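Below is the structure I would like to discuss, written out as structure tokens.
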Amino acid sequence: MFNQIRSQSSRIALVSLVSALAACSGGSGEPASQNAASAETYITDDTPFVFVERNTEQSAEQAAEKLSAKLFDENSSPLDVYSPYEYNPGAKLVRRSSLDVNGVNRDVLRDYFESDAYDVKDLNVSYDGSKVLFAAHGPSGHSTDNSWNIYEYEFATGRVRRVIAEDNLANSGEDTNPAYADDGMIVFSSDRAAGNPNNPTLNQIPADQPDCYKVGANERPSLLHSMNSAGENIVQITYGNQHDTKPASLSDGRVAFLRWKRSYEFVRECNGGDAGANSLSKMSATELFKSEYPAGMEKPDSWGAPEQCAYAQQTPFGPVLATNHYTLLRINADGSELEQLYQTVTTKNSEESLLHLDEIIQSESGRLVALLKHRYNSFLGGNVMELMDPAQGDADKVFANMAMQPVISEDVSLFPNQVSMAGWFSAVAPYRDGSQRLLVSWSQCKTVEGGVSDFCTGSDKAQNVDNSYGIWVYDPNGDSRLPIVRAKSGVEYTEIALSQPHKGVEFPFNAIDPNVAPDVDDSRIICDDPSYVEPTSPPSAEPTIEPVTPTPTGGPSVPTGTPTGEPGTPTGEPGTPTGEPGTPTGEPGTPTGEPGTPTGEPGTPTGEPGTPTGEPGTPT
């Protein structure tokens, strides 16, 4: 078993990974070709890699503060995915000199920004393994790098360059999530809405109507754009009001990416009064995660009313609860051939709504590998998943439509306040050298008492558990792992990228929809339901009084039914009823038998009305 340590010495001994086998083969920077798909490109012990390092205490505090703020923010919800524009300074992009426990670390961006108060994320290696793209945000108020921008780092020279050279153009948008594509193109996600003169689109967002309300997004959508390696010819290739992020370079030169959308449903039970009043009952962040969650990949139970109301948002028509929709798509760098790879995952009304996919990357098998994590898990990790045949989804598992299977261990716990005996994973990078090995950031589950650490047991409580992340190589052939970067308390590694060519076969499954239609932003429209009446008290089963005909004062309504006999002719002028004939003035309950017959003469005319010989028609 992966979570078993083979000997006590292997827990603490630091072992050199591998001896040199052969020099890494060079690459052209172009997508892996079919004839090279099965070629092994051995990794040596001096192969460099880069990783993103963060402070665990700071990350946990930021997540807790974000949750508390979103619970009471009328314009957002904790169910929103992480914003691609979030800026959390204090991260480090670190180059490791080798895949050896004695490798040397160096901060890549400290000299570039002349400060360590920067943020960095979204690593993506070139097809030949010589360079890595990433997104970074300079310190607040930086003269030239004051927004999210795309950068490129060259392993051989250590050179860092911003892809868009001109300062004003570079800082005119929030650019994140870069990926290499065919012909040297770069695909990235941005709020620029740059458009595409070769593919003009119409505004398909429906206008608001008096009885409808658009639940406003709290930020601009981040959509896919492309540019050449010099940062020129920027064009927009996806459209809509969603976030299109997490692009992953595929061996055929295309990119896979994740689309996140929201829709909303009314939760009437959360409305304590007027539809526009802020009557939601908000639980604290601590109270939200007291539930007993299932182990591993099992689906959690649906939320009760307290959780629904805590996560709901207020609208003029009443509280609504967001549903998240995740769709995995594939596209060319010019925006052509937009295809859907898996059925859309819809997370609704349960803790599954707070799970998300991170770090999507293609392995040498052609399949996609990703991290599945909970947004507010204080242990900051999740599980490494491989996306299998779209037809193999298990409805009892989370994210079932993406047919995910754990790569390393099924025993990783995903939800907050769970003791995960198998530990947690926070980053993954495949070797892609024919060995199926992975480089992972992993924390063992441990307890700390009186300054002494020990490994978790089944009886431990979550409040006594600590995490300590290191970088390890995992070999599935022997179900073993060896340390590369020592585990250290207070540190997490959120992304890893190896200087290794992108080798492997193409994505092995057919697209489930090879012709994805353009997005129409109607999922955020909610409309008042005029047939819905807010209940005031339960209706009685029987009328409390005999129904009587209202005193007529106006013109009669015309019944739609026709009596079967000729009615008599009244000798006087009939009165005019004020409303519908036969309708009580209050809200009567539903009688269990035939409607009662009025005891008086209907309409009480001045003369004696004739008696119809048949049943009267039913008034409209």
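Exactly one of these conditions fails for Glu449: (1) crowded, with 18+ Cβ neighbours inside 10 Å; (2) of a type in the set (D, E, K, R); (3) out of contact with any Leu (no Cβ under 9 Å at 6 or more places or on another chain). Give me its number.
(1)
Next up: In this structure, does Ala333 turn out to be of a type in the set (A, V, I, L, M, F, W, C), in contact with a strand residue (DSSP E or B) (Cβ under 7 Å, 6 or more places away or on another chain) and not in a strand (DSSP E or B)? So that I can check it myself, show each step before the final result.
Numbers: of a type in the set (A, V, I, L, M, F, W, C): yes; in contact with a strand residue (DSSP E or B) (Cβ under 7 Å, 6 or more places away or on another chain): yes; not in a strand (DSSP E or B): yes.
For Ala333, the condition - of a type in the set (A, V, I, L, M, F, W, C), in contact with a strand residue (DSSP E or B) (Cβ under 7 Å, 6 or more places away or on another chain) and not in a strand (DSSP E or B) - is met.
Say whether the condition of being among the basic types (Lys, Arg), buried (at least 16 other Cβ atoms within 10 Å of the Cβ) and modelled with pLDDT under 65 is met by at least one residue in region 208-217. Don't jump to the end; show me each part of the working.
Going residue by residue through region 208-217, those that are among the basic types (Lys, Arg) are 214.
Pick out the ones that are also buried (at least 16 other Cβ atoms within 10 Å of the Cβ) and you get 214.
Restricting the remaining residues to those that are modelled with pLDDT under 65 gives 214.
Yes: one or more hits.
Here is a list of conditions, (1) in a helix (DSSP H, G or I); (2) in contact with a Leu (Cβ under 8 Å, 6 or more places away or on another chain); (3) among the small types (Gly, Ala, Ser), and Gly129 meets all of them except one; can you say which number that is?
(1)
Residue by residue, here is whether (1) in a strand (DSSP E or B); (2) surrounded by fewer than 22 Cβ atoms within 10 Å (Cβ to Cβ); (3) free of Cβ contacts under 8 Å to residues at least 60 places away in the same chain; (4) in contact with a Lys or Arg (Cβ under 6 Å, 6 or more places away or on another chain) holds:
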{"position": "Leu414", "(1), (2), (3), (4)": "no, no, no, no"}
{"position": "Ser420", "(1), (2), (3), (4)": "no, no, yes, no"}
{"position": "Ser426", "(1), (2), (3), (4)": "yes, no, no, no"}
{"position": "Arg432", "(1), (2), (3), (4)": "no, no, no, yes"}
{"position": "Leu439", "(1), (2), (3), (4)": "yes, no, no, no"}
{"position": "Ser453", "(1), (2), (3), (4)": "yes, yes, yes, yes"}
{"position": "Asp460", "(1), (2), (3), (4)": "no, yes, yes, no"}
{"position": "Ile471", "(1), (2), (3), (4)": "yes, no, no, no"}
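Then there's this: Got a number for residues in region 268-308 being at pLDDT 80 or above and under 25 Å from Asp396 (Cα atoms)?
So in region 268-308, the residues at pLDDT 80 or above come out as 268-270, 289, 292-308.
Of the ones still in play, those that are also under 25 Å from Asp396 (Cα atoms) are 289, 292-308.
Counting residues in region 268-308 that are at pLDDT 80 or above and under 25 Å from Asp396 (Cα atoms) gives 18.
Inspect all residues belonging to region 492-512 and state whether any of them is more than 30 Å from Asp128 (Cβ to Cβ), part of a strand (DSSP E or B) and either among the basic types (Lys, Arg) or at pLDDT 95 or above (or both). Even if it seems obvious, please write down each step before you answer.
Filtering region 492-512 down to residues more than 30 Å from Asp128 (Cβ to Cβ) leaves 512.
From the residues that got through so far, the ones that are part of a strand (DSSP E or B) too are none.
Among the residues of region 492-512, not one is more than 30 Å from Asp128 (Cβ to Cβ), part of a strand (DSSP E or B) and either among the basic types (Lys, Arg) or at pLDDT 95 or above (or both), which makes the answer no.
I've got another one for you. Name the strands (runs of 3 or more DSSP E) wholly inside region 147-197 in which the number of residues that are in contact with a helix residue (DSSP H, G or I) (Cβ under 6 Å, 6 or more places away or on another chain), crowded, with 21+ Cβ neighbours inside 10 Å and in contact (Cβ under 8 Å) with a residue 24 or more places away in the chain is 1 or more.
Numbers: elements: 148-154, 160-162, 175-180, 186-190.
Hits in region 147-197: 148-154.
Given the residues Thr344, Thr327, which is the only one that is touching a residue at least 40 places away in the same chain (Cβ under 8 Å), under 17 Å from the mean Cα position of the chain (by Cα) and surrounded by fewer than 18 Cβ atoms within 10 Å (Cβ to Cβ)? Before the answer, list the steps.
Values: Thr327 fails: surrounded by fewer than 18 Cβ atoms within 10 Å (Cβ to Cβ).
Answer to the check: Thr344.
Which ones in region 355-399 are in a loop (DSSP other than H, G, I, E, B) and under 18 Å from His325 (Cβ atoms)?
Arg375, Gly393, Ala395, Val398, Phe399
Filtering region 368-412 down to residues that are surrounded by fewer than 24 Cβ atoms within 10 Å (Cβ to Cβ), of a type in the set (S, T, N, Q) and within 19 Å of the chain's Cα centre (by Cα), which residue is nearest to Ser291 (Cα to Cα)?
Top of the filtered list is Asn377.
Considering only region 90-113, I want to know if a residue exists there that is part of a loop (DSSP other than H, G, I, E, B), closer than 30 Å to Asn324 by Cβ and at pLDDT 80 or above. Walk me through how you get there before you give the answer.
At the first step, the residues of region 90-113 found to be part of a loop (DSSP other than H, G, I, E, B) are 90-91, 97-104, 108-109.
Checking the rest, the ones that are also closer than 30 Å to Asn324 by Cβ come to 90-91.
Filter again for at pLDDT 80 or above, leaving 90-91.
Scanning region 90-113, I find at least one residue that is part of a loop (DSSP other than H, G, I, E, B), closer than 30 Å to Asn324 by Cβ and at pLDDT 80 or above, so the answer is yes.
The values are calculated or read from the model by the stated rules, or taken from the named source; none is laboratory data. Keep in mind it's a predicted model, so treat the numbers as computed, not measured. Virtual Cβ from ideal backbone geometry, glycine too; neighbours counted across all protein chains shown.
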